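The values are calculated or read from the model by the stated rules, or taken from the named source; none is laboratory data. Here the structure is a predicted model, which means the values were calculated and not measured. With ideal geometry, Cβ positions are generated from the backbone for all residues, glycine too; neighbour counts draw on all protein chains shown. What goes into the accessible areas is simple: the full protein's heavy atoms, side chains included, and nothing from ligands, DNA or RNA. Shrake-Rupley method; radii C 1.70, N 1.55, O 1.52, S 1.80 Å.
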Amino acid sequence: MRYTVALAVFLSTGDAFSPSWVASPFCTNIGAPSHHRSPQLTTLFAKKKKGNGNVNAKLAALEALEALEEKGDLDEPISKKEQKKLEKQVKKDGTKKNAREAALEALDAFEAQDIDAPLSMKEQKALAKKQAKEEKKGLVEQDTNDAEPGAAPKKQLSKKEQMLMKALELEKLDAENAASQEEDPEPKLSKKELKALKKKEEKQAAKAAAKAEKKAAKESSSAETEIGSPGESAVESTPNPVEKKKLTLEDKIRKDRPPPRIRVMESVQPGFVSLRLENVGITFRNQEVLKDVTWGVQSGDRIGLVGKNGAGKTTQLRILSGELEPTTGDVVKSSGNLRTAILRQEFVDELVKERTLKEEFMSVFEEENQIIQDLKEVESTLENMSSDDTDKMQDILDRMQELQQKAEDKDVYVLESRVKKIMDLMGFTEDEGDDLVASFSGGWKMRIGLGKVLLRDPNVLLLDEPTNHLDLESVEWMESFLKEQSIPMIIVSHDREFLDQVCTKIVDAEGGICTEYDGNYSRFLQLKKARMESWQAAYDAQEKKMKSERQWINKFKVKQPQAVKQRQAKLDKFLKSEDYVQKPPFVGKPFKFRFPDAPRLSPEVGEVVGMSHAYNNEISNNRLFENADLLIEKGDRIAVVGPNGSGKSTFLRLLVGKETPDEGSAQIVGANIVKSYFEQNQADALDLDKTVLETIQGASNGQSYNELRALLGQFLFKGDDVEKKVLNLSGGEKARLSLCCMMLNSANLLILDEPTNHLDIPAKEMLEEALQHFAGSVIVVSHDRYFISKVATTIVAIEDKHLVKYQGDYKTYMNASKDRKDKIESRYVQGVDKIGAAPIVDLEELTKPKRSFGGAKTANMVTRKDKGVKNAKRMRPS
């Protein structure tokens, strides 16, 4: 309970202390510590309260007096111990007044003042409120006294005592209100505090719900066991709790950033074409492929999109063509009806080999072909109708008129002329229009695919690895053809010579970021080298400065803490600013592997004797070989070269027994030959429904799971990539997977048909190095002259339907013909290694075990004859 003493009254009123008051026992403990003061006296002291006025002071004095009376300190006798204590205190303070006299004097002092002085409005309201409460309480007490007839009659109180009673009652009410506020506090909170409180409540509710679900799951599991046990009552099982789905990186990015958009440019000049990516990002689950990519193509551009496999090149083509929606960013078009057409990596799979060339070209116009088919059906129906049913005839005529109008709108009647024009542009004759697609070689099939793309009349042309399977003649034809076109185009390719001849701009995709460079591939190499050197120098200088700054901070963090704090804050701010130079991209782990050790090989490996072969069908007779001979020996590294359609892949199929020659023989003749055949089209060799891991497990030969995962890691299949379906892999990924399967089984004869297709440049270089260290024989077909020059030591050329063997590497074969040499050297890329002699690797020396005779590693390496004291004396001139 809160008490206010008479001393506070004197302070509030401003009256001076009378000597009698100061000397009274009421003030004896003023200077004493709080724990030495008596309880009845300690309650009489309090601070001055603002705005209480005389009324509050008087009431406080009455409360003090009443408190003393209630405790019995005024009328009841005290113990001897207390009397002695009181007497000592009185002597010390020089006063003999007891507590009652002190309280009465305080009350008299107030009465001596002008009690009838007018009160303020606030004081009057407070006094009236207190009096009303007192009267109400008095009535209740009167009722209780009336209800108890045996109770003693109530003593008449004086005016002072009545005032004291009122003050005590009001104080009691205040105490009750304070207690209720302490029990149930309701402070006003700010918006921030309310939000934090709400969040905390939600978190607690979620925890409680999770606990409840966990408990329910335990109960359900126990219930299931009880149901299964005999002799026990069945318990209703509760449903399993739904686990909270963990957000992937893709989900977080989509949640935090605005959704992707397709925007159309305004105020575009007629004939101008533009297609751009702005701040485009693509994330597949937890793998971020592209990060804020910004670049574009416009009229007159021929852009080469380069980068390692897995850098997102094909993904960007799919976004530009509208097949794939990015995770974030905008695709900006010059017009809403902008048309794009894409030539895919596996365009050969889209060709129907049973169709004729003209039918394959006409298959592009699906909607137009449907209109033609409907017109034929309507005309046939009209011819077979009788003239009696006029209403039905009229309906058919209306339908025919509608279809004819559609045909005119779609230019259906000029489709054949468009197809003839494209056939002529692609180099096909009119007679070849009736040949089957299966009769054409890989280079001519590429022309079919490119012609189908151009028949769509695109505004932007997208080409994904168009030079795969093409010989030099076909590549040169495509280069000249694309340079003559006015269509803006984007080309994805690993053929550096092709990009150098065709492109006017290069976009380099590296580490999820794309950088634009003006010029062809040679210019790109120069600019990138300068940029990376400048970037590395800036980063090194920055790291050197930051290292010096950190050393200073560590040195003076005790002596100058304030300066250290400021410099540390400045350093942290710099690390978060745009001026901070990020670390240049790290060149990752190289694509490296070795083929398994080959079993011992017999001197003769393969033999072709009097081989003749042709592809005969109803329409054409394509004769590939005529009385061809060839001997393949131990240690041969043969590269089969020739133009498209000359029969290189057919020769490999004949050699491995997948086809039988019309005349003569082609076979493996060695007794202990273990061959491994890498086919040209990976989609034909792999099961598309299996995952990467299932494919490698199916091709394994007793290897453990950890060994298989380690091997896949060398072929850049890491983490969740091993769970990808083969159907969803890119061409390069399929090629790597097939090479990975080849490594699992030991072989002494490798037969590789276009192994470098879909491989990036680092992967090609690693394959070159692996073949150089292979101990068996190799037969490879490739159009990549750099690859052949690094691998082959013997060249077999298909010339005039014969197999001509050239002893020596590709440089020797190139120098044998001046025209061939001039053509190849004219295509050299500046800044790229030129074709040289094939490297020779001494495998016997590498596999030869080193003989160790003990002793130090530096034994027998002493070159100074005067080393040592004895030798020095011996060598001293006499």
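Quick test for you: out of Ser704, Ser602, Ser646, Ser665, pick the one residue that is open to solvent by less than 70 Å² (accessible area, probe 1.4 Å), under 25 Å from Ala770 (Cβ atoms) and out of contact with any Lys or Arg (no Cβ under 8 Å at 6 or more places or on another chain).
Exactly one of Ser704, Ser602, Ser646, Ser665 is open to solvent by less than 70 Å² (accessible area, probe 1.4 Å), under 25 Å from Ala770 (Cβ atoms) and out of contact with any Lys or Arg (no Cβ under 8 Å at 6 or more places or on another chain), namely Ser704.
Against the condition basic (Lys, Arg), surrounded by fewer than 16 Cβ atoms within 10 Å (Cβ to Cβ) and under 25 Å from Arg600 (Cα atoms), how does Lys675 come out, does it pass?
Spelling it out, it is not the case that Lys675 is basic (Lys, Arg), surrounded by fewer than 16 Cβ atoms within 10 Å (Cβ to Cβ) and under 25 Å from Arg600 (Cα atoms).
Identify, please: which residue in the range 395-433 is over 48 Å from the mean Cα position of the chain (by Cα) and part of a loop (DSSP other than H, G, I, E, B) and is, among those, farthest from Arg447 (Cα to Cα)?
My answer is Glu430.
Of the residues Phe347, Phe361, only one is modelled with pLDDT of 90 or more and either in contact with a Phe, Trp or Tyr (Cβ under 8 Å, 6 or more places away or on another chain) or under 30 Å from Gly427 (Cβ atoms) (or both); which?
The unique qualifying residue is Phe361.
Taking the criterion of being of a type in the set (Gly, Ala, Ser), assigned to a helix (DSSP H, G or I) and over 29 Å from Gln404 (Cα atoms), would at least one residue in the range 322-340 satisfy it?
no
Looking at (1) on the phi < 0 side of the Ramachandran plot; (2) over 11 Å from the mean Cα position of the chain (by Cα), find the lone condition where Asp292 falls short.
(1)
Condition first: out of contact with any Phe, Trp or Tyr (no Cβ under 7 Å at 6 or more places or on another chain), open to solvent by less than 30 Å² (accessible area, probe 1.4 Å), in a loop (DSSP other than H, G, I, E, B) and of a type outside the set (Asp, Glu). Now tell me which residues in the range 752-795 satisfy that.
Listed by number, the residues that qualify are Asn757, His758, Leu759, Gly776, Ser782.
In the range 378-394, what residues are in a helix (DSSP H, G or I) and exposed (fewer than 12 other Cβ atoms within 10 Å of the Cβ)?
Ser380, Glu383, Thr390, Asp391, Gln394
Test each condition in (1) of a type in the set (Phe, Trp, Tyr); (2) closer than 20 Å to Glu679 by Cα; (3) at pLDDT 90 or above for Phe774 and report the one that comes out false.
Going through (1) of a type in the set (Phe, Trp, Tyr); (2) closer than 20 Å to Glu679 by Cα; (3) at pLDDT 90 or above one by one, Phe774 breaks only (3).
Can you tell me how many residues in the range 517-538 are surrounded by 15 or more Cβ atoms within 10 Å (Cβ to Cβ) and under 28 Å from the mean Cα position of the chain (by Cα)?
Number of matching residues: 3.
Residue by residue through the range 352-374, note down the ones that are under 13 Å from Leu415 (Cβ atoms), open to solvent by less than 40 Å² (accessible area, probe 1.4 Å) and of a type outside the set (Asp, Glu).
Answer for the range 352-374, where residues must be under 13 Å from Leu415 (Cβ atoms), open to solvent by less than 40 Å² (accessible area, probe 1.4 Å) and of a type outside the set (Asp, Glu): Phe361, Met362, Ser363, Val364, Phe365, Ile371.
Sort out for me the helices (runs of 4 or more DSSP H) sitting completely within the range 654-749 that have 1 or more residues that are free of Cβ contacts under 8 Å to residues at least 40 places away in the same chain.
682-685, 692-698, 705-714
Output the number of residues of the range 282-295 satisfying the condition of being out of contact with any Cys (no Cβ under 9 Å at 6 or more places or on another chain) and either modelled with pLDDT of 95 or more or surrounded by fewer than 21 Cβ atoms within 10 Å (Cβ to Cβ) (or both).
Adding up the residues that qualify gives 8.
Filter the range 458-484 for residues that are open to solvent by 20 Å² or more (accessible area, probe 1.4 Å) and either more than 25 Å from Gly296 (Cα to Cα) or among the aromatic types (Phe, Trp, Tyr) (or both) and give the result.
His469, Leu472, Glu473, Glu476, Trp477
Do you know which residues across the range 807-837 are closer than 29 Å to His773 by Cβ, within 40 Å of the chain's Cα centre (by Cα) and open to solvent by 80 Å² or more (accessible area, probe 1.4 Å)?
Asp833, Lys834
In the range 321-330, which residues are surrounded by fewer than 21 Cβ atoms within 10 Å (Cβ to Cβ) and within 22 Å of Ile506 (Cβ to Cβ)?
Ser321
Take Leu571 and tell me if it is over 28 Å from the mean Cα position of the chain (by Cα) and either under 20 Å from Ile824 (Cα atoms) or buried (at least 16 other Cβ atoms within 10 Å of the Cβ) (or both).
no
Which numbered condition in (1) in contact with an Asp or Glu (Cβ under 7 Å, 6 or more places away or on another chain); (2) farther than 21 Å from Val460 by Cβ is the only one that Pro488 fails?
Unmet condition: (2).
Does Val804 fit the bill of being buried (at least 21 other Cβ atoms within 10 Å of the Cβ) and either in a helix (DSSP H, G or I) or not polar (S, T, N, Q) (or both)?
No, not satisfied.
So which pairs qualify, if the first residue must be in the range 342-366 and closer than 21 Å to Leu759 by Cβ and part of a helix (DSSP H, G or I), the second must be open to solvent by less than 60 Å² (accessible area, probe 1.4 Å) and not acidic (Asp, Glu), the Cβ gap must be under 6 Å, and the two must be at least 6 apart or on different chains?
Within 6 Å, the pairs are Phe347/Gly449; Val348/Lys445; Asp349/Ala683.
In the list Arg263, Arg318, Arg276, which residue meets the criterion of being in a helix (DSSP H, G or I) and open to solvent by 20 Å² or more (accessible area, probe 1.4 Å)?
Going through Arg263, Arg318, Arg276 in turn, just one is in a helix (DSSP H, G or I) and open to solvent by 20 Å² or more (accessible area, probe 1.4 Å): Arg318.
Please count how many residues of the range 434-457 are outside any helix (DSSP H, G or I) and either farther than 25 Å from Ile372 by Cα or open to solvent by 10 Å² or more (accessible area, probe 1.4 Å) (or both).
6
Could you grab the pairs with beta carbons closer than 8 Å, sequence gap of 6+ or different chains, first residue in the range 568-594 and outside any loop (DSSP other than H, G, I, E, B), second one aliphatic (A, V, I, L, M) and at pLDDT 90 or above?
As it stands, the answer is Gln568/Ile553; Leu571/Met546; Leu571/Ile553, since those pairs meet every condition given.
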